[in-house]
Every structure is written in C-alpha cells, then in structure tokens.
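In what follows, a single structure is set out as structure tokens and then discussed.
The values are calculated or read from the model by the stated rules, or taken from the named source; none is laboratory data. Worth saying up front: this structure is predicted, and the values here are computed from it rather than measured. Note: ideal-geometry Cβ built from the backbone for every residue, glycine included; neighbour counts use all protein chains shown.
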Amino acid sequence: MKTIRKIILTSFARLATAVAFAAKPIPGPKGGKIVTAEAPHVEFFVEKDRSVIVSFYDKDMKPVTPAGQVVSAVAEAKTGKVTLAFTAKDGALVSTAPLPEGDGYRVVVQVRDTAEARPKNYRVEFHEEVCGECKRAEYACICDEAGGDKHDH
Ligand SMILES: [Zn+2]
C-alpha cells in the first residue's frame with residue numbers, strides 16, 4: 001500500500017513539473033507575445049508604427065502562412081475602444097490601422113480559423129516600455145513570473 005501511495009505522489013509531482021514547464025512563456029520570434037498555449041501558435045506583435053502584426057507558427061515555432069484565418073482586435077484604450085481589422089501581408093495578418101495612443105490598456109485579439117469558425121479570444125495587456133531583464137517590450141515579456149521579487153512589475 002505504501003509503495004502505491006509513493007508512486008501516485010511521484011506521478012503527481014511529475015505532472016506538476018510538466019504543467020509548470022508548459023506555462024513558461026514562449027518568446028515570439030518577431031519580438032511579440034505568443035498568446036497561445038498550444039500549436040498552432042499565434043503571435044501578437046506591435047510594429048514601430050503601432051500597427052499590429054498577427055503571425056502563426058506550428059508546434060516547432062516554424063512560421064505558417066495564414067490560410068483563411070480571420071483576425072480582428074479590440075484595443076480597450078483609455079480614449080475609447082477601437083476595433084482593428086487585419087489584412088494578409090508578408091505571410092502574416094497586419095492591422096489596417098495603428099493602435100490608439102498611449103499604453104497600459106488591454107487588447108483583445110479575436111482569431112477565427114475560418115470565416116465561419118467560432119472565434120477564440122486572446123487578451124494582451126499592452127505595455128510598450130522595454131523590460132530591463134529580457135529586453136523585450138513589456139507586453140511580450142518572457143521573464144519567469146514565478147521569479148516574483150526579482151521583477152519589479
Ligand atoms: Zn522581461
């Protein structure tokens with residue numbers, strides 16, 4: 001009986017480790033945020049001109065050209081909500097308008113695998129300042145949140 005209990009506890013510990021590992025943020029290849037936990041991955045990246053680029057990747061983080069996906073985004077800026085439409089450009093989907101001014105607001109990215117598919121919503125807290133640790137924009141920061149005190153936000 002004792003042995004069985006031990007085995008169960010061990011597999012639980014393994015499971016916990018696997019989950020913790022999976023939750024670690026994946027660095028977006030363009031410098032953006034990977035909003036998905038599982039492939040196909042979706043990257044939210046804000047260009048210098050503040051247009052949003054949504055890119056797709058397979059499980060090995062190889063770029064996948066969008067094929068019929070429909071993306072829209074709602075920027076919940078302090079000045080009011082702005083809905084962004086996206087068009088295909090250079091193997092990704094790019095917003096037709098820039099993000100509203102300022103930062104510190106939420107952007108909800110809505111991805112449909114096809115025009116008829118149910119939308120999947122991904123929330124991004126848009127902060128454009130650069131993280132001192134990973135040197136990525138704050139919204140795309142990949143620092144381990146579990147590190148806690150070594151991070152000042
Ligand atoms: Zn960071």
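Would you call residue 118 away from the ligand (no atom under 16 Å from the Cβ), closer than 16 Å to residue 36 by Cβ and either hydrophobic (A, V, I, L, M, F, W, C) or in contact with a strand residue (DSSP E or B) (Cβ under 6 Å, 6 or more places away or on another chain) (or both)? Walk me through it before giving the result.
Numbers: away from the ligand (no atom under 16 Å from the Cβ): yes; closer than 16 Å to residue 36 by Cβ: yes; either hydrophobic (A, V, I, L, M, F, W, C) or in contact with a strand residue (DSSP E or B) (Cβ under 6 Å, 6 or more places away or on another chain) (or both): no.
For residue 118, the condition - away from the ligand (no atom under 16 Å from the Cβ), closer than 16 Å to residue 36 by Cβ and either hydrophobic (A, V, I, L, M, F, W, C) or in contact with a strand residue (DSSP E or B) (Cβ under 6 Å, 6 or more places away or on another chain) (or both) - is not met.
Could you list, ordered by first residue, the pairs with Cβ atoms under 6 Å in which the first is in the stretch 66-77 and polar (S, T, N, Q) and the second is surrounded by fewer than 17 Cβ atoms within 10 Å (Cβ to Cβ) and not in a strand (DSSP E or B), at least 6 apart or interchain?
Listed by first residue and then by second, the contacts come to 69/113.
Does the stretch 99-114 contain any residue that is under 19 Å from residue 24 (Cβ atoms) and either of a type in the set (D, E, K, R) or in contact with a Ser or Thr (Cβ under 9 Å, 6 or more places away or on another chain) (or both)? It would help to see each step written out before you state the result.
First, the residues of the stretch 99-114 that are under 19 Å from residue 24 (Cβ atoms): none.
No, the conditions are met nowhere in the stretch 99-114.
Being modelled with pLDDT of 95 or more, touching a helix residue (DSSP H, G or I) at 6+ places or on another chain (Cβ under 7 Å), within 23 Å of residue 141 (Cβ to Cβ) and surrounded by 11 or more Cβ atoms within 10 Å (Cβ to Cβ) narrows it down to one residue among 32, 104; which is it?
32 is the lone residue from the list that is modelled with pLDDT of 95 or more, touching a helix residue (DSSP H, G or I) at 6+ places or on another chain (Cβ under 7 Å), within 23 Å of residue 141 (Cβ to Cβ) and surrounded by 11 or more Cβ atoms within 10 Å (Cβ to Cβ).
Would you please name the residue that is surrounded by the fewest Cβ atoms within 10 Å (Cβ to Cβ), looking only at residues in the stretch 121-137 that are within 16 Å of the ligand (Cβ to nearest atom) and closer than 20 Å to residue 37 by Cβ?
125
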